[in-house]
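One structure is given here, and the rest of the page talks about it.
What follows draws every value from the coordinates through simple rules; no lab data is involved. Computed from a predicted model, the values in this text were never measured in an experiment. Glycine gets a Cβ as well: all are built from the backbone with ideal geometry, and neighbour counts include every protein chain shown.
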Amino acid sequence: MMLSGAAPRNKAESIVDWIESTCSAMREKGQLSVGLPPNLFPFIQPEDLDWRDRYEKYNRPGEYHNGGIWPFVCGFYVAALVATGRQGLAERSLVALTDLCCRSTNPDVDIGFNERVRAQDGRACGQDWQLWSASMYLYAAECVETGTTPLFETVRGKSW
């Protein structure tokens with residue numbers, strides 16, 4: 001929504017504010033250990049109607065699809081920060097994304113470009129060497145470096 005211009009600019013700015021304040025509160029509660037948002041929050045908890053028994057094994061709160069942190073998704077978030085004029089926050093988020101991309105399930109690997117990490121402790125949980133993670137990292141870095149969002153500048157148009 002923020003990158004494409006589907007949300008008006010003032011709404012996009014409000015979305016960023018909500019994401020940042022909610023993530024800050026999650027960090028204070030120990031639910032989030034990194035400086036980037038999870039792919040879904042708040043997490044689905046065992047007492048929630050949306051909880052499924054299989055989540056106990058495969059999708060615990062803060063993991064995988066239930067609030068895991070995906071570098072691929074975070075790359076889009078960094079780009080959205082640039083699009084909404086939050087360059088300083090985008091720069092700090094890119095540093096956090098760089099740290100995330102270095103994490104690996106293999107201790108002998110310097111840069112893992114892992115699929116995802118666990119929200120509560122930032123531990124790499126997915127597969128290493130994911131091109132989608134690497135590609136969105138490169139895109140996010142380009143956005144921060146140039147202060148633009150290639151392709152999406154055209155999609156949003158000049159009125160945004």
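Electrostatic tally near G112: other residues with Cβ closer than 12 Å to its Cβ, Lys and Arg +1, Asp and Glu -1, net -2.
If R0 is 41 Å, the Cβ-Cβ spacing of R123 and E145 corresponds to a FRET efficiency of close to 0.90. Here the peptides 23-29, 67-73 are ranked by packing, the mean other Cβ count within 10 Å, and the order with the highest first is 67-73, 23-29. Length gained on full extension, S33 to Y58: 7.0 nm, using 0.36 nm per residue less the C-alpha separation. Karplus-derived 3J(HN,Hα) values for the range 80-90, using 6.51 cos²θ - 1.76 cosθ + 1.60 with θ = phi - 60°, are 5, 5, 4, 4, 8, x, 9, 4, x, 5, 4 Hz; glycine and proline are entered as x. Computed per residue of the chain from DSSP H runs no shorter than four, each worth -39500 (n - 2.57), the mean residue ellipticity at 222 nm is -14500 deg cm²/dmol. In a reduced charge model with +1 at each Lys and Arg Cβ and -1 at each Asp and Glu Cβ, the chain shows a dipole moment near 320 debye about its Cα centre. Expressed as a whole percent, the proportion of Cα-Cα pairs in the range 53-126 lying more than 21 Å apart is 33%. Give the relative contact order (percent, whole number) for the range 1-141; include only Cα pairs under 8 Å separated by 6+ residues. Relative contact order for the range 1-141 comes out at 24 percent.
Here is the list for the range 101-160: trypsin sites (Lys or Arg not before Pro) lying in DSSP coil, each with at most 16 other C-beta atoms within 10 angstrom of its C-beta, are R123, K158. Along the axis of the charge dipole computed for the range 9-156 (Cβ charges of +1 for Lys and Arg, -1 for Asp and Glu, origin at the Cα centre), the listed residues I44, C125, T148 are led at the positive end by I44.
Counting only lysines at least 8 places from K57 when in the same chain, those with an alpha carbon closer than 28 Å to its own are K29.
In units of the compact-protein estimate 2.2 N^0.38 Å, the chain shows a Cα radius of gyration of 1.05. Got a sec? Which residues in the range 65-98 would a label at E13 touch, if it sits 7 Å along Cα→Cβ and we count backbone N under 11 Å? 84-86, by backbone N distance to the label point.
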